[in-house]
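**Student:** Please see the structure below; I have some questions.
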Amino acid sequence: MRVGLWAIVVVAVLTAAGISVRYWVNGHPNAIYCALSLFFSVNLLVCYWEVCLFRQQDLIRQRAEYWRRRREETGLTPAVEFLATGIPLTRCLSPSVGADLWAIYSLYDGSYTDRRSYGFNIDIANGFFTAVPTLVLYAAFTVGFLPAVVAGILGVMLFWQWAYATSVYLASFFVAGRHKLISRAEVSIYIWGANSGWVVCGLLGLYASIRLIVDGDYTVLGYR
């Protein structure tokens, strides 16, 4: 299976599972719930990759050099080539696949091969510390097993840090002048494109969480 297709399937299955359960329990999933369901699913997959970022630093550096040389030799775009690579299903969750992903991203932001950088550390923090809270909040938004106020408080904490931490990363990228090392198209696709979802969905989730606290129920997510 192609790496890119596998990632799409994983996110689609996680998202569909949440929406299906929500429809079965309540019958009224709304746009905000569906958007946050997609975000939670993406973040869960990214959390796994971020654990790989922490555990595979040496391999990431080696693979970054490999992809850099390959780009120079072939003129191909590493990200496209990687996503189109076919791998056995048994290797889809291999840490080496996650290492390749970060190796390619480091071609656009070299801080991901530096353990001292903000980008590296904020991402591994997200990987290790938000996977379980993401699952809890996803379940709460889906079946309402937590009091709305409790779910709202957890949501405010999570969504605020996602929006704030990602905003700081984006600012640090430009303040450090890393955007000058790559093309505008690469900045748009690999920096803005890969990170803006955590800001946009972070703010959307923050709004929904505040409404949960203020309203005291799940009406904002379409519950009736």
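**Student:** Kindly indicate which of Phe145, Phe173 is out of contact with any Pro (no Cβ under 9 Å at 6 or more places or on another chain), among the hydrophobic types (A, V, I, L, M, F, W, C) and assigned to a loop (DSSP other than H, G, I, E, B). Steps first, answer last, please.
**Tutor:** Details: Phe173 fails: assigned to a loop (DSSP other than H, G, I, E, B).
From the options Phe145, Phe173, the qualifying one is Phe145.
**Student:** Got a number for residues in the stretch 36-65 being farther than 16 Å from Gly127 by Cβ, open to solvent by 20 Å² or more (accessible area, probe 1.4 Å) and among the polar types (S, T, N, Q)?
**Tutor:** 1
Residues checked against (1) touching a Gly at 6+ places or on another chain (Cβ under 6 Å); (2) open to solvent by less than 30 Å² (accessible area, probe 1.4 Å); (3) closer than 17 Å to Phe40 by Cβ:
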position: Ser117; (1), (2), (3): no, yes, no
position: Phe141; (1), (2), (3): no, yes, yes
position: Leu146; (1), (2), (3): no, no, yes
position: Trp162; (1), (2), (3): yes, yes, yes
position: Ala165; (1), (2), (3): no, yes, yes
position: Ile182; (1), (2), (3): no, yes, no
position: Ile189; (1), (2), (3): no, no, no
position: Gly193; (1), (2), (3): no, no, no
position: Val200; (1), (2), (3): no, no, yes
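**Student:** Ok, one more. Return the pairs, sorted by first residue and then second, in which the second residue is of a type in the set (A, V, I, L, M) and part of a loop (DSSP other than H, G, I, E, B), the first residue lies in the stretch 60-87 and is in contact (Cβ under 8 Å) with a residue 60 or more places away in the chain and more than 14 Å from Gly110 (Cβ to Cβ), the beta carbons are less than 7 Å apart, and the residues are 6+ apart or on different chains.
**Tutor:** What qualifies is Gly86/Met1; Ile87/Met1.
**Student:** Consider Tyr33 against the criteria (1) more than 30 Å from Val136 (Cβ to Cβ); (2) of a type in the set (Ser, Thr, Tyr); (3) open to solvent by less than 30 Å² (accessible area, probe 1.4 Å): it satisfies all of them except one. Which criterion is unmet?
**Tutor:** (1)
**Student:** Pull up the stretch 33-83, narrow it to residues that are in a helix (DSSP H, G or I) and among the small types (Gly, Ala, Ser), then point me to the one that is farthest from Cys201 (Cα to Cα). Quick ask: steps written out before the conclusion?
**Tutor:** Residues of the stretch 33-83 that are in a helix (DSSP H, G or I), as a first pass: 33-55, 57-74, 78-83.
Okay, now just the ones that are also among the small types (Gly, Ala, Ser), so 35, 37, 41, 64, 79.
Details: Ala35: 8, Ser37: 10, Ser41: 12, Ala64: 30, Ala79: 24 Å.
Result: Ala64.
The values are calculated or read from the model by the stated rules, or taken from the named source; none is laboratory data. The structure presented is a predicted model; accordingly, all values stated were derived computationally and were not measured. Cβ: placed from backbone, ideal geometry, glycine included. Neighbour counts: every protein chain shown. With ligands, DNA and RNA removed, areas are computed over all heavy atoms of the protein, side chains included. Shrake-Rupley method; radii C 1.70, N 1.55, O 1.52, S 1.80 Å.
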